[in-house]
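Throughout, read-outs are computed from the coordinates displayed, never taken from laboratory work. Here the structure is a predicted model, which is why all the values come from computation and not from measurement. Cβ coordinates were reconstructed from backbone atoms using ideal geometry, including for glycine residues, and neighbour counts include every protein chain displayed.
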Ligand code: UD1
């Protein structure tokens, strides 16, 4: 198939492009490089020995999309492009609605016009809010998110549901990611956040390479075994493969399908720090500080729906996640060099 990957040079996008190329698909990647570098795809091409077409542009640019769909016979779209920094979304909400919501509206309009009806959307476990019970099944109600980032994800999910209700030609997958971590085993591609990272694993690895002095652990008084929050961390290559399985499933299906992409196992912040130290041999000094606003105590997935319907399960365990993260971070202490372009 020929797949359009929006946000194709970003963290999850680039790993998924690699998985698509390795599976024999053709890839057209679209990215505005607002939080990523074209170097990721240069490296994907080196790793796969295959090339993809990279177009610089924005998903809100309708003329560009129309031209792209007219020139390329796209079979399906994987839509990763979007902003994802939760705190930034509180300070600058309109950017989130413009990029994440308007961007998605423009994309599906252009798809419909071009007769492309298959769409995989990068959603998030954040749409479940704070469920009263674990593990989280897809049938759990979505809840009102507490920040514009979460609201933008839920809005797009609901918009896509409405779209499918209105037009039976659509086949839409809503993939609810838990916490993506790690990197490709080669250490050639990985997560490269701009500035100070917001998420746990990039923060741990930056402390380990000396780019940050210590890790602030947000809250040591949660009702969990060691007092720190529990999350379901999933290796980014497992996550990428989940997209391929979803695409296969959607070949002869219409309507909306929702799948959790997680491992089904929860680890605490302190367990993650210890695992990283064990695997890397580096010390990660920590300081336990106040809770971060909006964090929930625990969150992990029920993965049985994806296992049954997609025949997909995350296969890489905690040590592999840490090994691959460390391999990427130690080979690329400053992420992708902007000079390499
Ligand atoms: C958040 C978002 C999620 C989004 C994901 C990726 C919510 C509630 N969560 O997940 O939607 O998809 O980021 O962008 O909307 N921690 C520390 N110190 C740090 C960093 C994190 O202790 O320096 C802790 C956090 O308190 C949390 C855990 O590590 O308990 C994981 O945090 P993080 O990596 O930011 O992911 P989430 O908040 O789970």
Going by alpha carbons, how many degrees (0 to 90, nearest 10) lie between the helix axis of 318-331 and the longest principal axis of the chain?
-> 90
Using 1/(1 + (r/R0)^6) with R0 = 22 angstrom and r between the beta carbons of residue 97 and residue 45, what's the FRET efficiency to the nearest 0.05?
-> 0.05
Grab every C-alpha pair in the range 164-282, bin the distances at 10 angstrom width from 0 up to the longest one, and report whole percents.
-> 11, 34, 29, 16, 8, 1
Three principal axis lengths of the chain [C-alpha, angstrom, descending] = 54, 46, 39
Nearest-0.05 FRET efficiency for residue 248 and residue 320, computed from C-beta distance (R0 22 Å) | 0.35
Between the Cα axis of helix 269-280 and the main Cα principal axis of the chain, the angle (0 to 90°, nearest 10) is 90
Residue separation between residue 34 and residue 1 times 0.36 nm, minus their alpha-carbon distance, gives in nm 9.1 nm
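Take the alpha carbon gyration tensor of the range 193-239, find the square roots of its eigenvalues, order them as a ≥ b ≥ c, and report rounded if a/c is under 1.5; if not, report prolate when a/b exceeds b/c, else oblate.
oblate
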With a Förster distance of 35 angstrom and the Cβ-Cβ distance between residue 88 and residue 283, calculated FRET efficiency to the nearest 0.05 equals 0.70
Given labels modelled 7 Å from the Cα in the Cβ direction, how far is it in nm from residue 291 to residue 271?
-> 2.0
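Which whole-number percent is the relative contact order of the chain (Cα, under 8 Å, 6+ apart)?
About 19 percent, as a whole number.
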Normalised contact order of the range 173-244, rounded percent, pairs of Cα under 8 Å and 6 or more residues apart = 40
In percent, what relative contact order does the range 77-140 have, based on Cα pairs under 8 Å that are 6 or more apart in sequence?
-> 43
Would you mind listing how long the range 68-148 runs along its three principal axes, going by Cα atoms, in whole Å with the largest first?
-> 47, 31, 15
Does anyone have the angle between helix 236-250 and the longest principal axis of the chain? Alpha-carbon axes, 0 to 90°, nearest 10?
-> 30
